[in-house]
1. Using the alpha-carbon atoms, what tilt in degrees (0 to 90, nearest 10) does helix 296-310 show relative to the longest principal axis of the chain?
2. Positive end of the charge dipole of the chain (Lys, Arg +1 and Asp, Glu -1 on Cβ, about the Cα centre): tell me which of Val359, Val88, Val19 has its Cα farthest that way.
3. Using the basic label-point model (7 angstrom from Cα toward the beta carbon), what is the Ala119 to Asp67 distance in nanometres?
4. If you count only protein heavy atoms with a 1.4 Å probe, what accessible area per residue comes out for the stretch 123-195, rounded to a whole Å²?
5. Using unit Cβ charges (K, R positive; D, E negative) and no other charged atoms, how large, in debye to the nearest 20, is the dipole of the chain about its Cα centre?
6. Rank by packing, highest mean first: peptides 244-256, 8-20, with packing defined as the count of other Cβ atoms within 10 Å averaged across residues.
7. Among Ile125, Val184, Ile167, which residue has its Cα furthest toward the positive end of the charge dipole of the stretch 114-199, with +1 on Lys/Arg Cβ and -1 on Asp/Glu Cβ?
8. Gain in length, Ala5 to Thr27, computed as 0.36 nm per residue apart minus the alpha-carbon separation, to one decimal in nm?
Amino acid sequence: MIPLALEEIRELAPGELTVADAAREVTGVRVDSRKIEPGDLFVAVGLGTGFQEDALSRGAAAALIPDDAFAAFAALGRAVRKRSRARVVGITGSTGKTSTKDILAALCAPAARTVAAEASFNNEIGVPLTLCRLDTDTEVCILELAMRGFGQIADLCEIARPEIGVITNVGPAHLELVGSLDGVLRAKGELVAALPPGGTAIVPADFPLERDDIDVVRLSEPEVAFEDDRAEIGGVSFNLNTRHQAANAAAALAALDALGLPRPQRIDVELSRWRGEELPLPGGGLLINDAYNANPVSMRAALVQLAERAGGRRRVAILGDMAELGPDAETFHREIGELAASQGVEALVAVGDLARGYVEGASGVRVTRWIPDAGTAAAEAHELVEPGDCVLVKASRAVGLEAVAEALAAVNA
């Protein structure tokens with residue numbers, strides 16, 4: 001991290017600051033005392049207020065309990081960003097933003113000193129934490145930008161000042177907060193509005209744009225060739241095997257081109273966990289753990305992945321609620337149940353109150369079961385899943401279906 005003097009920390013982030021002996025500056029920012037490295041600033045958020053002494057004992061230069069956590073992180077991230085010469089890429093979208101971030105980071109790393117958001121560090125704390133990893137020699141910074149309502153992306157962009165903006169796609173997500181698909185477009189469009197003149201917007205083919213002072217790259221369905229669990233896209237061989245990840249790779253390649261960096265011939269990407277992660281199951285079976293989050297767009301992509309990867313194996317879908325879909329939530333769930341049937345799902349386990357809609361729509365699926373929660377679903381999955389099955393596990397974050405995926409994977413451990 002580009003160092004910040006402790007006196008500047010006091011001005012940027014008012015609160016209770018405890019300074020280690022002889023410390024004069026901080027060279028990193030952490031919220032987990034277990035990950036403290038010498039010279040870090042530990043910022044105590046929530047239950048973290050009980051771990052200042054632990055952080056200091058591990059070598060922290062200082063520990064801060066901020067008066068306003070979000071304002072403190074924004075100020076710290078903004079200060080480091082102002083000192084950095086890195087080119088910043090902001091990525092958002094209804095689905096695929098984390099994977100696109102992971103793919104772009106893998107593409108950039110061979111040619112440029114790159115910092116990318118960890119996992120889904122994409123909110124008022126995660127984005128500044130990523131910016132606080134910038135060093136004087138960092139050339140590229142790749143940020144994931146969350147949207148849970150109007151103004152959030154604009155606020156994150158004010159801190160990060162991206163010059164390249166990527167919108168992977170727009171679909172019915174967070175409708176309870178923005179009201180309609182037009183609301184999603186408006187909220188995602190805050191990224192484009194924040195770009196400087198001469199910046200680059202990489203957007204879906206039909207995304208409305210009014211600016212004429214930026215470069216615009218419109219995404220379309222990429223040409224892709226699959227062979228031996230790899231995908232060739234734009235002259236690059238990726239260790240990807242699904243069409244929705246091919247679309248994410250195409251968006252990442254467009255951002256790579258906008259950065260002026262060379263395309264490698266071959267790249268292996270380590271995707272963040274629980275996003276289409278494939279693991280073996282007994283009897284030649286396959287588990288697709290996509291339990292991190294869900295909305296109608298990503299659920300459709302996951303069911304297509306299940307159909308593509310199953311081959312001759314029985315197709316089992318363990319699907320939980322899709323959250324924040326507003327008054328049409330029941331309809332969206334029934335439509336996904338219909339899609340599951342059309343994709344050849346032979347056994348469907350629906351988890352959560354809204355998930356009853358999957359069962360209602362899944363006419364023709366041989367086995368359907370409704371389960372109230374993830375804990376019960378884990379036990380049910382062990383009874384239902386047979387050796388050799390291909391199993392998809394997917395739901396919104398709040399459902400916690402990773403517990404089901406982990407229970408199934410443990411059988412083959």
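The values are calculated or read from the model by the stated rules, or taken from the named source; none is laboratory data. This structure is a prediction, so every number in the text was calculated from the model and none was measured. Cβ: placed from backbone, ideal geometry, glycine included. Neighbour counts: every protein chain shown. Heads up: the accessible areas ignore ligands, DNA and RNA and are worked out on the full protein's heavy atoms, side chains in. Shrake-Rupley method; radii C 1.70, N 1.55, O 1.52, S 1.80 Å.
1. In the chain, helix 296-310 runs at an angle near 60 degrees to the longest axis.
2. The residue sitting most towards the positive pole is Val88.
3. 3.1
4. The answer is 33 Å² per residue.
5. Dipole magnitude for the chain comes out near 500 debye.
6. 244-256, 8-20
7. Result: Val184.
8. Length difference between fully extended and current span is 7.0 nm.
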